[in-house]
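The values are calculated or read from the model by the stated rules, or taken from the named source; none is laboratory data. Quick caveat, the model's predicted, so the values are computed rather than measured. Here Cβ is always computed from backbone atoms with ideal geometry, including for glycine, and neighbour counts include all displayed protein chains.
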Amino acid sequence: MHAIEKLKSRNRKIYLLIIDIFIFLCEGVVCILLRDMDDLTFANRFIALLALTICVFIYRIILQVYRQIWRYAGAAEYLNIVLADICGGVTYIALSRLVPFFAPIWIMFWQALSIVALGSLCSLSIRFIYQCWYRIEKGKAIQSIVPFANHEFTEGDGKPEAAYKDASPNKINIAIVGAGIVGAMLARELLLNKNAHYRPYCFVDKDPQKIDNLIAGLRVYPEEGIIERLQKLPVQEIIIALPNLPGAEKRRLFDFYHQSECKVKLYDYAFSMEADDNAKRALREFSIEDLLFRDVIRFNDQEVLPTYQGKTILVTGGGGSIGSELCRQLARLQPGRLIIFDIYENNAYEIEQELIRKYGARLTLNVEIGSVRDEERLKELFAAYRPQIVFHAAAHKHVPLMEHSGGEALKNNVFGTLQAANIAEMYGVERFLLVSTDKAVNPTSVMGASKRLCEMIIQSKKDSPTNFVAVRFGNVLGSNGSVIPLFKQQIASGGPLTLTDKRIIRYFMTIPEAAQLLLRTCALAQPGEIYVLDMGMPVKILDLAENMIRLSGLTPYVDIDIQEIGLRPGEKLYEELLMKTEELDKTENKMIFIERDQPLAKEQLNEKLEILRQSLASHDQEAIIRAMRQTVPTFHSATEVNRLAEQTEEMMACRALDADVLQGN
């Protein structure tokens, strides 16, 4: 079937070439006959015309004129024909003057120019007529829209609206926000596709030069008063077709047009870290990532390829949210071997199967099950594979659970990290990166304090031949145990959505962003440093909950309620603002900074670790928490911190951001 289609396509190109040559020769003969040249025979004139024709069509073939699909042609394709004909004419004239045997007679310059110009005009006219015919015959949607393009719908004026709906009963009428190149392209594509599910009805734009004019037969309305207007028009969905929108503007447009009670979508690239220059725009739903107050960061793999290509790389906790995404990103960087180490076999199996499906034999992949708490298992693993780079993502991270299981946080997070780091050093690992968290900054929870202790371990190895570094960042959207999966489950079950406190704020990053920044940090890191990732502006969890309800096509507090259930043990109203630039040093990457922090001497660290070991031996939860407060001086009570939360820089920044959104800034 594919071969038949290719044959048909080739035949169409040949037919078009033959038709063009025939028309060119015909108009050339007419030009020659109209000129008085009694001293020349018609045969000589025709041979000269054949030579000119050959030159012109050689250039048309070189410039791939006959590979174009003319029903979709634009100015560039038409100019391509003109360029080919000019080059062919100039070549003919040059050869006729310089090579006497090229043609028996040189047609005069102006005559050759006339033939070429007329030939181009004929070719262009035929193609333009075909394009118009195609749009009229195949694009039936245009005919049904144009009659109503200038009509102003008002309440009680039902005839045009009824006619419009009857003309296409199975299609969804849309308003396109953005009457620029992107919006116009979308409208024309939908109008010309008789199978399209959507039918463009009008444009919305701020440009006064476009307002009340027509684009593709559709009227352009101003943004002012558009919500009331849309509520009267037969429009079911609104498509945002504006290129390169920053995160804050996406949220403003979503909130604004959602007031119309129409579904709001984007004509944009698929939300993916792997989008490249060849990616195509498509109609898609708004995602929660689109509503962050920050542009999603995208990277070029070539920047870090030399660091990872051909290396043996181990990812502990490789089946978790961050660990599995790290494995996906690393697999693209052509490692010599990728080792996934995790205690949860189901998670490890899922990422293993995903990578096998995608890369097959091109990726040398090993999956090992075990715990970082098991020293002998770790030694066995390092001895077998001799990894050159280690990403340490294995950790207990659930704040409320660790409040009641502080001993497990110490065993897994602190002593698991200590064992992994010591064994990595023993086996000559080149780079070791600890995945840390913003909860380690002035911690109010056992989990946060345990991660701060992990950072201390990494800092104490500043003089090690292994390059030890830690990376600190905030919440990751959609990770296991995060608020997004919880809200999705609650929406699916009909609500209510539960918040610990409606004032609570957090910094967010997508999983692919976090993994990409970890890769870049590991590539540029210096020994013993703590690196901080720029998380952008804080987000109110209440706003997140409301937007997730809206994204589901429902109305907050009407279809689904939002309830406060009180702060959990160890939970802060806010996370520390990581980007206090006066306390950070810059790196070559504008998203990555270095925390200024004096590392502990090994003796000091050992004293702290001994205190923690003794508390573990007591099997007393209160003793464990006292030991953590003793070893982490910045560990404070959540109640004490939350009492002063409203006066913090973080909470004030969030309030200022809300004020800007309300004002449309």
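Worth a mention:
- Residue within region 300-308 that is within 15 Å of Ala395 (Cβ to Cβ) and assigned by TED's automatic domain parsing to the domain that holds Gln388 present: no
- Region 614-628, residues that are out of contact with any Leu (no Cβ under 6 Å at 6 or more places or on another chain) and either among the small types (Gly, Ala, Ser) or free of Cβ contacts under 8 Å to residues at least 12 places away in the same chain (or both): Ser615, Ala617, Ser618, Asp620, Glu622, Ala623, Arg626
- Scanning region 452-468 for any residue that is assigned by TED's automatic domain parsing to the domain that holds Leu616, surrounded by 24 or more Cβ atoms within 10 Å (Cβ to Cβ), under 27 Å from Ser615 (Cα atoms) and at pLDDT below 90 turns up nothing.
- Wholly within region 162-251, strands (runs of 3 or more DSSP E) carrying at least 2 residues that are touching a Pro at 6+ places or on another chain (Cβ under 7 Å) and touching a residue at least 12 places away in the same chain (Cβ under 8 Å): 172-177
- Annotation: of all residues in region 516-550 being farther than 28 Å from Ser260 by Cα and over 23 Å from the mean Cα position of the chain (by Cα), the one that is surrounded by the most Cβ atoms within 10 Å (Cβ to Cβ) is Tyr531.
- Filtering region 551-566 to residues that are of a type outside the set (Val, Ile, Thr) and surrounded by 18 or more Cβ atoms within 10 Å (Cβ to Cβ) leaves only Leu551.
- Test set (1) touching a residue at least 24 places away in the same chain (Cβ under 8 Å); (2) surrounded by fewer than 19 Cβ atoms within 10 Å (Cβ to Cβ) - Thr316 fails condition number: (2)
- Yes/no for Lys439 being more than 21 Å from Ile611 (Cα to Cα) and part of a loop (DSSP other than H, G, I, E, B): no
- Scanning region 377-409 for residues that are assigned to a helix (DSSP H, G or I) and either at pLDDT 95 or above or under 32 Å from the mean Cα position of the chain (by Cα) (or both) returns Arg377, Leu378, Lys379, Glu380, Leu381, Phe382, Ala383, Ala384, Tyr385, Val399.
- When Leu567, Leu533, Leu573, Leu577 are checked against the criterion of being at pLDDT 80 or above and of a type outside the set (Asp, Glu), a single residue qualifies: Leu567.
- Any hit, region 470-486, residues being among the aliphatic types (A, V, I, L, M), touching a Cys at 6+ places or on another chain (Cβ under 9 Å) and in contact (Cβ under 8 Å) with a residue 12 or more places away in the chain: yes
- Within region 545-556, residues that are in the same structural domain as Phe254 (by TED's automatic domain parsing) and assigned to a helix (DSSP H, G or I) reach no partner that is of a type in the set (Gly, Ala, Ser) and modelled with pLDDT of 85 or more with beta carbons closer than 6 Å at six or more positions or on different chains.
- Figure legend. Inter-residue proximity from region 378-398: first residues of a type in the set (Gly, Ala, Ser), second residues assigned to a loop (DSSP other than H, G, I, E, B) and surrounded by fewer than 24 Cβ atoms within 10 Å (Cβ to Cβ), beta-carbon distance below 9 Å, spacing 6+ or different chains. Indicated pairs: Ala383/Tyr427; Ala394/Ile343; Ala394/Ser371.
- Evaluation of Asp374 against the conditions (1) over 20 Å from Ile457 (Cβ atoms); (2) surrounded by fewer than 21 Cβ atoms within 10 Å (Cβ to Cβ); (3) out of contact with any Phe, Trp or Tyr (no Cβ under 9 Å at 6 or more places or on another chain) shows that the sole unmet condition is (1).
- If you go through region 377-413 and keep only what is closer than 20 Å to Lys572 by Cα and among the polar types (S, T, N, Q), you end up with just Ser405.
- Selection status of Arg386, in the same structural domain as Asn412 (by TED's automatic domain parsing), under 19 Å from Phe468 (Cα atoms) and not aliphatic (A, V, I, L, M): yes
- Taken together, Ala73, Ala112 contain a single residue that is in contact with a Lys or Arg (Cβ under 7 Å, 6 or more places away or on another chain), at pLDDT below 70 and of a type in the set (A, V, I, L, M), which is Ala73.
- Hey, Ser445 touching a Leu at 6+ places or on another chain (Cβ under 9 Å), buried (at least 20 other Cβ atoms within 10 Å of the Cβ) and over 23 Å from Phe341 (Cβ atoms) or not: no
- Residue satisfying condition, being part of a strand (DSSP E or B) and within 35 Å of the chain's Cα centre (by Cα), within set Leu486, Leu433: Leu433
- Every residue from region 77-95 that is more than 16 Å from Leu124 (Cβ to Cβ) and buried (at least 22 other Cβ atoms within 10 Å of the Cβ): Tyr92
- For region 619-641, a residue qualifies if it is part of a helix (DSSP H, G or I) and surrounded by 13 or more Cβ atoms within 10 Å (Cβ to Cβ), and the qualifying residues are Gln621, Ala623, Ile624, Ile625, Arg626, Ala627, Met628, Arg629, Gln630, Thr631, Ala638, Val641.
- Flag if Leu218 is within 25 Å of Ile288 (Cα to Cα) and more than 29 Å from the chain's Cα centre (by Cα): no
- Exclusive hit being surrounded by fewer than 19 Cβ atoms within 10 Å (Cβ to Cβ), farther than 13 Å from Gly183 by Cβ and among the small types (Gly, Ala, Ser), set Gly225, Gly217: Gly225
- Residue in region 346-354 that is aromatic (Phe, Trp, Tyr) and either crowded, with 23+ Cβ neighbours inside 10 Å or closer than 25 Å to Thr510 by Cα (or both) present: yes
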